Amino acid sequence: MKKNDKILLEKHKDIARIDQDIKRTHGWYVRVRFRGKTYSKFFSDRKCGGRYSSLLAALAWRDKTESELGKQRTDKHIVTMSNSKTGVVGVRHNVKLNRYEVSWVTASGKQGKTSVSIKKHGKTKAFDMACRIRREKEGERLSE
């Protein structure tokens with residue numbers, strides 16, 4: 001297998017292949033998300049000189065955009081926005097069960113979960129413990 005073929009077959013974070021024969025659209029779509037904003041650009045095979053050239057242009061644009069934004073370049077998935085009311089990614093307050101629930105992704109890509117009892121530790125201490133667990137688990141994943 002040639003080097004060009006290998007890079008075309010690899011998965012590239014934040015880059016998707018678009019092939020729509022009906023619309024005659026072929027190229028790579030790049031989407032960089034950072035601090036709640038999305039930056040995107042399409043790289044056409046026709047305009048860039050082929051499938052391989054358009055992928056190289058897409059990779060270069062992604063890396064340059066991340067650098068300009070101050071986003072750390074990594075192929076690991078990093079969540080920076082929290083959907084929970086705690087404001088902390090991976091930590092949510094389960095009112096019904098009176099606990100903080102902590103979730104993370106392990107280095108092997110599996111889901112990890114635990115919880116900290118509010119009844120046992122008190123609300124403030126339980127929240128602090130949950131946040132510490134989350135930081136430790138994310139640190140383990142990102143250091144590997």
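Points worth noting:
- Odd one out for Asp14 among (1) surrounded by 14 or more Cβ atoms within 10 Å (Cβ to Cβ); (2) at pLDDT 90 or above: (2)
- Of the strands (runs of 3 or more DSSP E) lying entirely inside the stretch 41-144, those containing at least 1 residues that are at pLDDT below 90 and either over 15 Å from Val30 (Cβ atoms) or assigned by TED's automatic domain parsing to the domain that holds Lys23 (or both) span 99-105, 111-117.
The values are calculated or read from the model by the stated rules, or taken from the named source; none is laboratory data. Everything numeric here is computed off the predicted structure, so don't read it as measured data. Don't worry about glycine lacking a Cβ; one is built from the backbone with ideal geometry, like all the others, and counts go over all protein chains shown.
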